[in-house]
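Read the structure below first, then the notes.
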Amino acid sequence: MDREISELIKELGVDIIYVPELDSGGKYIAAINTIVIDSRLSERDKRRVLLHELGHAAKHQNNFELYNCAYSLHSKMENEANEFMLDSLVQSYIRTVDLDGKYLNYMKFIEDNEIDTRYEFVVKELFTKYIYRTQIV
């Protein structure tokens, strides 16, 4: 597990539990501040699910009762958790490649990570944000 993910887990005070069978990849249970992940997932999928559920913990821990109130709120919260996951994945990816940005390709990142293309705009904006920040630091 990445150091950044471990630090976030500690900061949020969230417990992580792996179970042998779950009806989805993972769940965040706000009432007990716990993330449950299906242990049958690949390591890559476990990481993605963990980041998604950490997005819920970071952004929705205090208002998670809204999750089931309306479809629009549910969709908004799922989208925010996905964007949190993408932000973490992009930052990790950029740290592992050439810092001057010559070899960064957001479409290759999307393909390699099997990201739904509806998030292309988000990924492109994240690449721009972090590449620009890296170049001026």
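The values are calculated or read from the model by the stated rules, or taken from the named source; none is laboratory data. None of the values given here were measured: they were computed from a predicted structure. In this analysis, Cβ positions are derived from the backbone assuming ideal geometry, glycine residues included, and neighbour counts consider all displayed protein chains. Protein only, heavy atoms only, side chains kept; ligands, DNA and RNA dropped before computing areas. Shrake-Rupley method; radii C 1.70, N 1.55, O 1.52, S 1.80 Å.
Tabulated data for the structure shown
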| item | result |
| --- | --- |
| Considering residues of the range 48-85 that are among the charged types (D, E, K, R) and farther than 15 Å from Val14 by Cβ only, the residue surrounded by the most Cβ atoms within 10 Å (Cβ to Cβ) | Arg48 |
| Check on Ile9, hydrophobic (A, V, I, L, M, F, W, C) and more than 13 Å from the chain's Cα centre (by Cα) | no |
| Flag if Arg133 is open to solvent by 20 Å² or more (accessible area, probe 1.4 Å), modelled with pLDDT of 90 or more and of a type outside the set (Gly, Ala, Ser) | no |
| Residue, farthest from His52 (Cα to Cα), within the range 11-40, restricted to residues that are open to solvent by 40 Å² or more (accessible area, probe 1.4 Å) and among the β-branched types (Val, Ile, Thr) | Ile32 |
